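Written out below as structure tokens is the structure these notes cover.
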Amino acid sequence: MTAGTVLVLGADGYLGWATCLHLSAGGYQVIAADSLVRRRWDRECGTRSLIPIRSMPERVRLWQKLTGRRIAWSRLDLGDASAVADLVAQAQPEAVVHFAEQRSAPFSMIDRAHAAMTQANNVIGTLNLLFALRDHAPDTHLIKLGTMGEYGTPNIDIEEGFITINHNGRSDRLPFPMQPGSFYHLSKLHDSHNIQFCCRVWGLRATDLHQGVVYGWRTDEIDAHPGLRTRFDYDAIWGTVLNRFCVQAAVGLPLTVYGKGGQTRGFLDIRDTVACVRLALQNPPANGEYRVFNQFTEQFSVAGLAAKVSDARTAHDLKTSIVHLPNPRVEREDHYYNARHQRLLDLGLQPHYLADTLIDSVIAMTQRYGGRVDPVELEQPNVDWRRGGVPWRTPSTKQEALRPVQVLSAGANRRSGAATPSPKARLAQAR
Ligand SMILES: NC(=O)c1ccc[n+]([C@@H]2O[C@H](COP(=O)([O-])OP(=O)(O)OC[C@H]3O[C@@H](n4cnc5c(N)ncnc54)[C@H](O)[C@@H]3O)[C@@H](O)[C@H]2O)c1
């Protein structure tokens, strides 16, 4: 089967690369683009993917060698409006899948510069893409990765993008009220408004995937060869919560829950991310339509997730402890949460629900790369929502750079080392 051309933006990232492979395997002509800025942010923060990842040229070459399928690779910054316009005009894609944003909430809360950079990168990049589509490919389907974090945690059920409101005897279907929880999440909401506006005014068509938190590292395509692996973040800046807990369990450190752990969110397996994107692609909206799909498969509280990881360890007679750290974020820790997520199921999504076997597989992978785990990055929340934080530049200056930040630890003297052993010492003990 040969399907159309799809432009995947953010192709070097955790989800972008997995999606490139999945769509290429499905017969799409994939053009993969990325500025590689995430590799630079890693260097700035002294962080790195737990799984070593190859360069984009190496990965696309390997994929072609293994499957005969070509993924065209292009280094492109969405901030460069004329380069974006040229690529869209030349490719005339059936769809653009847009992952290319700064996606860490803590990174966006470090200081003014990081907040501004996050919003400029994300909002202007998306705006450049919208203008390119209007001028050069107005029928192209824009599939944009948004986040469930745009909604916040209202005390009512969360609908898929819109809600019907009756007010003073009149009724309308209106965008669901949004209460994002960081400058990053706000950037996604600003994108949503711009995209919705462009559909209404220019007749573009778009699917805004309000995605939950993703976990896992394997897809059918990634499994074809170790050289095809996608990045896997585990640290306090970039790591998503379940991935982080699995790494903590694997190296014998306590699972660190922020605050009470009642914070409830939607979650999904990376295999379902790629399937959802394909389903949206195969079922495009009409011209002028802006639609929202809530893209997650299950809801968990943070404490509930920690308990699941701990139970999975107990099944192998391994003990895992859980500690509660003062919450660096400003968020409700005990709240109502019930979000609808029906539209992708209606299109045929067959969810992979979280099972002990998945947790075991992530832990096994982590143990393979245990030597690459930096326990300070793993355990220590380093950005406080009220006070910001100081990014480290190189691993050797990390401790120095972190000094001005409020110490957030379970033990009062973790950093001074008096009462609680340091993360490094505990890691050494655990080994
Ligand atoms: N990972 C999750 O759990 C999750 C959850 C909800 C939503 N999302 C959304 O999915 C998307 C992808 O997330 P991810 O986890 O793969 O992130 P990632 O950081 O692994 O990948 C993002 C990629 O985008 C690239 N990029 C950033 N700005 C760019 C620009 N201006 N021009 C070109 N490339 C640029 C980066 O270099 C990086 O390779 C993001 O938009 C994120 O907001 C992710």
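The values are calculated or read from the model by the stated rules, or taken from the named source; none is laboratory data. In this text, all values refer to a predicted model and were calculated from it rather than measured experimentally. When we count neighbours, we look across all protein chains shown, and the Cβ atoms used for this are built from the backbone with ideal geometry, even at glycine.
Observations
- The residue that is surrounded by the fewest Cβ atoms within 10 Å (Cβ to Cβ), counting only those in the range 187-223 that are small (Gly, Ala, Ser) and more than 22 Å from Gly26 (Cβ to Cβ), is Gly203.
- The residue of the range 1-22 that is nearest to the chain's Cα centre (by Cα), among those that are crowded, with 24+ Cβ neighbours inside 10 Å and more than 12 Å from the ligand (Cβ to nearest atom), is Leu21.
- Residue in the range 133-163 that is surrounded by the fewest Cβ atoms within 10 Å (Cβ to Cβ), counting only those that are closer than 16 Å to Val201 by Cα and in contact with a Leu (Cβ under 8 Å, 6 or more places away or on another chain): Pro138
- Residue count for the range 140-162, restricted to those that are more than 16 Å from the ligand (Cβ to nearest atom) and either closer than 19 Å to Asp191 by Cα or touching a Lys or Arg at 6+ places or on another chain (Cβ under 7 Å) (or both): 5
- Scanning the range 38-57 turns up one or more residues that are more than 13 Å from the ligand (Cβ to nearest atom), part of a helix (DSSP H, G or I) and either hydroxyl-bearing (Ser, Thr, Tyr) or modelled with pLDDT of 95 or more (or both).
- Taken as a whole, the condition of being within 10 Å of the ligand (Cβ to nearest atom) and within 18 Å of Arg229 (Cα to Cα) does not apply to Ser35.
- The condition of being under 25 Å from Ala100 (Cα atoms), in contact (Cβ under 8 Å) with a residue 12 or more places away in the chain and in the same structural domain as His141 (by TED's automatic domain parsing) holds for only one of Pro284, Pro226, that being Pro284.
- Enumeration of residues in the range 310-332 that are in contact with a helix residue (DSSP H, G or I) (Cβ under 9 Å, 6 or more places away or on another chain) and either of a type in the set (D, E, K, R) or surrounded by fewer than 15 Cβ atoms within 10 Å (Cβ to Cβ) (or both): Asp311, Arg313, Ala315, His316, Leu318, Lys319, Ser321, Arg329
- Within the option set Ala275, Ala280, Ala286, Ala236, being within 16 Å of the ligand (Cβ to nearest atom) and in a loop (DSSP other than H, G, I, E, B) holds for one residue only, Ala236.
- The residues on offer are Ala280, Ala250, Ala303, and the sole one that is buried (at least 23 other Cβ atoms within 10 Å of the Cβ), at negative phi and in contact with a Gly (Cβ under 8 Å, 6 or more places away or on another chain) is Ala250.
- Annotation for the range 62-71: no member residue is within 13 Å of the ligand (Cβ to nearest atom), in contact (Cβ under 8 Å) with a residue 12 or more places away in the chain and crowded, with 19+ Cβ neighbours inside 10 Å.
- When residues of the range 290-322 are limited to those that are polar (S, T, N, Q) and touching a Ser or Thr at 6+ places or on another chain (Cβ under 9 Å), the one nearest to the ligand (Cβ to nearest atom): Gln295
- Any chance Ser182 is under 23 Å from Gly388 (Cβ atoms) and not aliphatic (A, V, I, L, M): yes
- Subset of the range 83-98 (residues that are part of a helix (DSSP H, G or I) and either within 9 Å of the ligand (Cβ to nearest atom) or touching a strand residue (DSSP E or B) at 6+ places or on another chain (Cβ under 8 Å) (or both)): Val84, Leu87, Val88, Ala91
- Qualifying residue in the range 29-36 (condition: surrounded by fewer than 24 Cβ atoms within 10 Å (Cβ to Cβ), touching a residue at least 12 places away in the same chain (Cβ under 8 Å) and closer than 18 Å to Asn121 by Cβ): yes
- Val390 closer than 21 Å to Thr240 by Cα, modelled with pLDDT of 85 or more and of a type in the set (A, V, I, L, M): no
- Residue within the range 73-82 that is assigned to a helix (DSSP H, G or I), within 15 Å of the ligand (Cβ to nearest atom) and more than 19 Å from the chain's Cα centre (by Cα) present: yes
- Residues being of a type outside the set (Ser, Thr, Tyr), within 14 Å of the ligand (Cβ to nearest atom) and over 17 Å from Ala95 (Cβ atoms) - total across the range 117-139: 10
- Residues (closer than 19 Å to Glu101 by Cβ and not in a helix (DSSP H, G or I)) located in the range 170-199: Met178, Pro180, Gly181, Ser182
- Options Val213, Val251, Val201: the member that is more than 18 Å from the chain's Cα centre (by Cα), modelled with pLDDT of 95 or more and among the aliphatic types (A, V, I, L, M): Val201
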